[in-house]
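The values are calculated or read from the model by the stated rules, or taken from the named source; none is laboratory data. What you see is a predicted model, and the numbers here were worked out from it, not measured in a lab. Don't worry about glycine lacking a Cβ; one is built from the backbone with ideal geometry, like all the others, and counts go over all protein chains shown.
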Amino acid sequence: MNSKISDYIQFTKLRLSLLVVFSAAVCFAFGSETMDWTKFLLLILGGFLVTASSNGFNQIIEKETDKLMTRTANRPLPQERMTNTEAYFIASVMGIAGVLILFKCINPLSGILGLTALLLYTFAYTPLKKVTPFAVFVGAFPGAIPPLIGFVATTADFGHISLNAWILFAIQFIWQFPHFWAIAWVVEDDYRKAGFKMLPSEGGRDKSSAFQILMYSLSLIPISLLAVFFKMTGNIATVILILSGAAFAFQAYKLFNDCSIKSASRLMFASFIYLPIVQIAILMDKI
């Protein structure tokens, strides 16, 4: 029983799914005039199911390549602890249920955005990983949709996505480039075994890749400060946004300086901390 639960946790990429749902939840709280806890919990459930479904389909498609990489070889599909039929069934049920919850229980636009994220991640980003580093750009769109879902879940106005929502989208969109490239730098050897082209430079772990990581990291500072410029938040958040952005960019500079796996690993962990700090700062200063 415990081993099956562990397999489902791996199949859904539980920690990643929860991080994605956290973004939607924070943005829902930001966009709400009064907190609707029922809708909030349904948003979390629907968002989690859609994200978990996307991760599941990703593993189904990449079953053979996962066998080649040390970091993924022990997943349930490569190890045949889960059959393809079971995997398709679980991923399909989660995807359909998640989209229906968002569409019916939240609002149609939330459901459409959830379905769009699922389809882009599964049928665009996943296959492109073997073709071009441009896959990261494509994958950044579904990866940044959760803040939009969280924000539009607070309104019944179909088709309306506010400027505030787009700013939260932009922060998460740009953040994904240094985040995923730092991960790719650390596991580049594994990715090459599978034929994945994730780092932005053809040379892989080189100055060109490190420079692009640094530029995207630096750009997070002015993009995050749009939340201040458009009066989404206040002075305390301004300080936190600047300090967080500077600390994050400093880790990217260290990677540019020495191009080491150790620096990439530190940047990767910094990226996990940066996004929730920024989102919480914007939310708390509004409250």
Fill in the blank from the handout: Residue pairs qualifying under the 9 Å Cβ cut-off, at least six apart or on distinct chains, with the first in the stretch 231-252 being free of Cβ contacts under 8 Å to residues at least 24 places away in the same chain and the second being among the polar types (S, T, N, Q), are I242/S224; F250/S217
Fill in the blank from the handout: Output for Cβ contacts, cut-off 7 Å, separation at least six or different chains, first residue aromatic (F, W, Y) in the stretch 76-92, second at pLDDT 95 or above, reads Y88/I60
Problem - Where a residue in the stretch 109-120 is over 14 Å from P147 (Cα atoms) and its partner, wherever it lies, is of a type in the set (V, I, T) and part of a helix (DSSP H, G or I), with Cβ under 8 Å and at least six apart - result: L115/V50; L115/V99; L118/V50; L118/V99; L120/V138
Fill in the blank from the handout: Exactly one of A210, A237 is small (G, A, S), under 27 Å from L283 (Cα atoms), over 20 Å from the mean Cα position of the chain (by Cα) and at pLDDT 90 or above, and that one is A237
Fill in the blank from the handout: Filtering the stretch 251-268 down to residues that are part of a helix (DSSP H, G or I) and small (G, A, S) yields A252, S263, A264, S265
Practice task
State whether the residues of the stretch 242-250 include one that is assigned to a helix (DSSP H, G or I) and over 19 Å from I174 (Cα atoms).
Solution key: no
Exercise for the section: Could you tell me whether I161 is buried (at least 18 other Cβ atoms within 10 Å of the Cβ) and either outside any helix (DSSP H, G or I) or of a type in the set (V, I, T) (or both)? Expected result: no
Exercise for the section: Scan the stretch 105-115 residue by residue and report those that are under 13 Å from T51 (Cβ atoms) and either outside any helix (DSSP H, G or I) or not small (G, A, S) (or both). Expected result: L113, L115
Exercise for the section: Can you confirm whether the stretch 215-237 contains a residue that is buried (at least 19 other Cβ atoms within 10 Å of the Cβ) and either in the same structural domain as E64 (by TED's automatic domain parsing) or under 27 Å from V131 (Cα atoms) (or both)? Expected result: yes
